[in-house]
Amino acid sequence: MIFAIPGIVGAAAGSALGKILNGKELWFIFAILMLIVAGVMVRNAGRQGSEPSSGSDTPHSRPSPVKQAEEEAAGFLVGALSGFLGLAGAF
């Protein structure tokens, strides 16, 4: 819920902003985004595994206010990008 509700709000906002641009401009922005994602993936390809968990984020624990704010912001950003670029059913 921490990620989903801001994502829904972000998708609505992004969709409204996406109507301002034409299709070619949206495809160009999407292409730039994919190049950025590819660069991040290539840069992180050599890393082994992930950082060990401290065990404090169990399924029944509440995240700290800072962690919750980060998750809400990430949810809004993902929703906004999806709504803006029209990615919901594109693939």
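Rule-based calculations on the coordinates, nothing more; no lab input. Keep in mind the model is a prediction, meaning the values are calculated, not measured. With ideal geometry, Cβ positions are generated from the backbone for all residues, glycine too; neighbour counts draw on all protein chains shown.
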#### Entry: the stretch 1-45 shape via C-alpha gyration tensor axes, a/c threshold 1.5
oblate
### Summary
For residue 71 and residue 34, extending 7 Å from Cα along the Cα-Cβ vector and measuring point to point gives, in nm, a value of 3.2 nm
